[in-house]
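All of the numbers you see were taken from the coordinates with simple rules; none came from a lab. Computed from a predicted structure; not experimentally measured. Counting neighbours? That spans all protein chains shown, and the Cβs are built from the backbone with ideal geometry, glycine included.
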Amino acid sequence: MKWISHILWLFWVLGSGSFAGEPATPLTPERILPVDGPANRQPSGLTIWQDTLFTVSDRHPNTVFRLEIREESAAMIPYRNFPVTETFGNDWLDFEGITCDSAGNFYIVSEMHSRILRVAHDGQSSGWITPDLKPYGEAEGLFQVLNAYFEGITLLAPGHFLLCAERQPRGLMEVRLSDDKLTVNATQFEHSQFTFPEGVSLDFAGLYTDRDTVYVLERNAYLVARLVRDAAGAFQEGPGWSFRHIALDPRYRYRDMQYGHAEGLCLDRRLVYVIFDNNGDFREQSPGDNRPLLLILHRPGF
């Protein structure tokens, strides 16, 4: 059935000349801020609730961080410390994405355990709401490379999540939870209308849903793309917004640029937010500064 979906996608793209094959629209920065916080902070994922940004770190389990926007920097401030009583023999949870609902409950995806963790809005309780999702992806050819598993999560509707598999191959997984029933639909996503640098793989690094529209972070192409459903109901790439010119700007460029650094994405009505995890690397023009970066970008059309 996959070949039918790809044929439908081809007809859909050919018939939607408004953006098929067009380059991504460059995003205009409002502010580019270094991110202060705990040592080895490595932000991974981004969401927004009540006009406040939140992130997690793959090096700081049991903590949701609030991002405080200051004059010359942003700061990762511990917001909720939560218990995780079941770790399946491995306490390194390796959080790689975060989303939230309207009540302020957080949902975090663990790359180590391939499960979704729900954290109550007050941080007093947490619990896994899915079993190990990795076998569902493996059945569709995902998760073939170590440490290239889940990399982002977004809430589409109550009990309905979309997750992204990072690379080689990249892919998407829809997860529906209803009355203790689990429905999972996973698929590879190895086509793109956008240009990726030679020698790097197509990848996904984050997801965000804004007013029923889903956006995906394509890290190695330095862009944000809209995800739209085709006639068969499968997600396909829509128009894209590029931050390549910012990531490669000598003022913000890191020494190691073999791969992109973007790890989290969210939007509000006026702005696009992208957070970088630079793995402790230093910026080329600031050899003493190894802080991550938060890109605050003007949203096209607003």
Once amide H atoms are built 1.01 Å from N in the peptide plane, which residues 5 or more positions from Glu30, or in another chain, come under 5 Å H to H?
Ile296, Leu297, His298
Loop-located GluC sites (Glu not before Pro) in region 220-302, at most 16 other Cβ atoms within 10 Å (DSSP):
Glu284
For the chain, what is the calculated [θ] at 222 nm in deg cm²/dmol (nearest 500), taking -39500 (n - 2.57) for each run of four or more DSSP H residues and dividing by its residue count?
-2000 deg cm²/dmol
Could you tell me the relative contact order of the chain? Use alpha-carbon pairs under 8 Å, at least six residues apart, and round to a whole percent.
18
Taking Kirkwood radius over Cα pairs in Å straight from the coordinates, which label in (i) 24.2; (ii) 20.1; (iii) 19.4 is the correct one?
(iii)
Hey, what did region 104-210 get for relative contact order, percent, Cα under 8 Å, at least 6 apart?
21
Phi-based couplings in Hz for region 228-233 (Karplus 6.51, -1.76, 1.60; Gly and Pro marked x)
10, 8, 8, 4, 8, x
Would you mind calculating the relative contact order of region 60-136 from Cα pairs under 8 angstrom and at least 6 residues apart, reporting the percent as a whole number?
21
Return the whole-Å distance between the Cα centroid of region 125-139 and the Cα centroid of region 155-184.
10
For region 26-298, what is the percent of antiparallel DSSP beta bridges, rounded to the nearest 5?
95
